[in-house]
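One structure is given below, encoded as C-alpha cells.
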Amino acid sequence: LYDVPNGRTSHLETTPTLGGVAIFAGFIISSLIFLDIQKLAYFQYSMASALIIFFLGLQDDISEISPRKKLLGEIIAAGIIIDLGGVRISSLHGFLGIYALPYAFSDFISLFVIVAVINAFNLIDGIDGLSSGVGILASLAFGIWFYLTGHIELAAMAAILMGALLAFFRFNFFSRSKKIFMGDIGSLLLGFILSIFAIKFNEINATMNIGSIYFIRAAPSVSIGILIIPIFDTVRVMLVRMMKGVSPFKPDKRHLHHYLLEITGSHHKATLIMLGFNVFFILLSFWFRNLSISNLILMLIVLAGLLSFIPFYIVRKRHKKNIVGQYTANID
C-alpha cells in the first residue's frame, strides 16, 4: 500500500503508508504484556474501540472512505469507550460556573472531544514527523504527570505509546531509503489514545485534593495547551474555509505546516519549528496551571494566533512579490 503524490500532498515520492499498523501492533502487544489490566477497568473497551479505529483507518488507506462513514465509525468507537468503558468528562472544573455535568451532556461533550481530537491529528498529518512528534511530546507530558500522581498504569500506557511512536519517527523523519507514513490508521489511532489521556487527565484533577502539589486548577486549559498544535490549527483552518464560503472539511493547503514548508523548503525544518512551538505551549500551560480556565485559554489562543500569523504573513507577502515580479516581467 502506497501514498501516491498528488496536488495536495507535500511529498514527491510514492511512499508506503502502513506505519500505522506497526504503531498499532507495538501499542497493543506491549500493553497486553506490561499493563496490569485489572487496574484499568476500561482497558477492554479501549482496545475494542481501537480495533474499530484500526479497521476504519485501514479501509481509508486502501480505498478512501466517505467522510460520513468515517465519522460514523469514530462515533461508534467513541461511544464504546464512553458508555461502556466509563471514560467520560463529568465536570467542567468551574468553567462558566459549571462543575458536575448531567449524564446526557457529559455524553455529548465527551463524544465531541474524542472525535475532534481524532480528526485533528488526522488533519495535521501532512509532513514528516509532525503527528508522531506531537504525539511523543503529548505522551511524555501526560505520562510524567500520571506517574507523579501515582497513576502508574496510565503512565505506562503513555510510555508504551511514546515508544511505538519513537520507533516510527526514526523511519518517517530520518530515513530516506526506508521512509514510511503512518497513514490514517496511525493518525486516527494516535488521536483516539491521546483523547483518552486528555479525558483521564481532567477527570483525575476533578477528584484530586486541591492541596496536592500536582493539582492543576486549569486542567482543561492545560490539556488544550498540550494538544495545541492539532487543536488550534484544525479550528483555524476550518474557520478560514467557512469564511471563504467552502466546506470546513474540504482539503486544502492552508494548514500551518504547509506555510512553514513553503517558507523553509524542508519537512525537517517545518516539523522542528512546530514541535518547538508545542514544547513552548506545554511548558507555558504547566507554568500557569493555576490561572483560571478562561484566562489560560485566552492566553493560549492569543499567543497561538499571533505565532501562526507570522508564517501566513510571510507567505502572503512572498506571493504578492511574485505576482508583482511576473507582472513587471510581462510588461518588459
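The values are calculated or read from the model by the stated rules, or taken from the named source; none is laboratory data. Everything numeric here is computed off the predicted structure, so don't read it as measured data. Because the Cβ atoms are built from the backbone with ideal geometry, glycine has one as well, and the counts that use them run over all protein chains shown. Please note that ligands, DNA and RNA were not included when accessible areas were found on the heavy atoms of the full protein model with its side chains. Shrake-Rupley method; radii C 1.70, N 1.55, O 1.52, S 1.80 Å.
Observations, loosely collected:
- Net charge, ARG176 excluded, C-beta distance under 14 Å - Lys, Arg +1, Asp, Glu -1: +1
- Surface composition of region 215-332: carbon plus sulfur atoms hold 70% of the accessible area, using a 1.4 angstrom probe and ignoring ligands, DNA and RNA.
- Shape of region 48-93, Cα gyration tensor, a/c cut at 1.5: prolate
- Region 82-204: relative contact order as a whole-number percent, Cα under 8 Å and 6+ apart: 33
- Scalar couplings 3J(HN,Hα) for region 36-45, obtained by applying the Karplus form with A = 6.51, B = -1.76, C = 1.60 to θ = phi - 60°, are 7, 4, 5, 8, 10, 4, 9, 4, 4, 6 Hz; x denotes Gly and Pro.
- Here's the list of lysines a cross-link from LYS179 could span, going by alpha-carbon distance under 23 Å and ignoring same-chain residues fewer than 8 apart: LYS253, LYS269.
- Rounded to the nearest 20 debye, dipole of region 193-332 from Cβ charges on Lys, Arg, Asp, Glu: 340
- Between LYS179 and SER212, the distance separating the two model label sites (each 7 Å from Cα on the Cα→Cβ line) works out to 4.4 nm.
- DSSP loop chymotrypsin sites (Phe, Trp or Tyr not before Pro) with at most 16 other Cβ within 10 Å: longest gap in the chain: 100-213
- Rounded if a/c under 1.5, otherwise prolate or oblate - region 65-168, Cα gyration tensor axes: oblate
- Ligands, DNA and RNA left out, the 1.4 Å accessible surface of region 21-64 is 64% carbon and sulfur atoms.
- Multiplying the residue separation of ARG318 and ALA48 by 0.36 nm and subtracting their alpha-carbon distance yields 92.3 nm.
- Exposed trypsin sites (Lys or Arg not before Pro) absent: longest stretch of the chain, with sites in DSSP loops and at most 13 other Cβ within 10 Å deemed exposed: 9-175
- Estimated inter-spin distance, GLU13 and VAL246, nm [label 7 Å along Cα→Cβ]: 3.0
- Cα gyration tensor category, rounded, prolate or oblate, for region 99-251 with a/c compared to 1.5: oblate
- Exposed-site-free run, longest, the chain (rule: GluC sites (Glu not before Pro); DSSP loop; at most 14 other C-beta within 10 Å): 65-332
- Positive-end residue, the chain charge dipole about Cα centroid, Cβ charges, pick of SER66, PHE121, PHE232: PHE232
- The amide H of GLY85, built 1.01 Å from its N in the peptide plane, has no neighbour under 5 Å, considering only residues 5 or more places off or on other chains.
- For the chain, adding -39500 (n - 2.57) for each run of n ≥ 4 DSSP H residues and dividing by the number of residues yields -23000 deg cm²/dmol at 222 nm.
- Among residues other than ILE152 with Cβ under 12 Å from its Cβ, the summed charge is -1 (Lys and Arg +1, Asp and Glu -1).
- Local charge for GLY191 was computed over the other residues whose Cβ lies under 14 Å away, with Lys and Arg +1 and Asp and Glu -1, and equals -4.
- Length released on extending from ASN295 to ALA41, taking residue separation times 0.36 nm less the Cα-Cα span: 88.0 nm
- Label-point separation, VAL279 to ILE109 (7 Å along Cα→Cβ), nm: 3.4
- Net dipole in debye of the chain [+1 Lys, Arg Cβ; -1 Asp, Glu Cβ; about Cα centre; nearest 20]: 960
- Rounded accessible area per residue of the chain, 1.4 Å, Å²: 50
- Matching the structure-derived Cα extents along the principal axes in Å against the labelled list (1) 63, 47, 36; (2) 74, 44, 34; (3) 55, 52, 36 gives the label (2).
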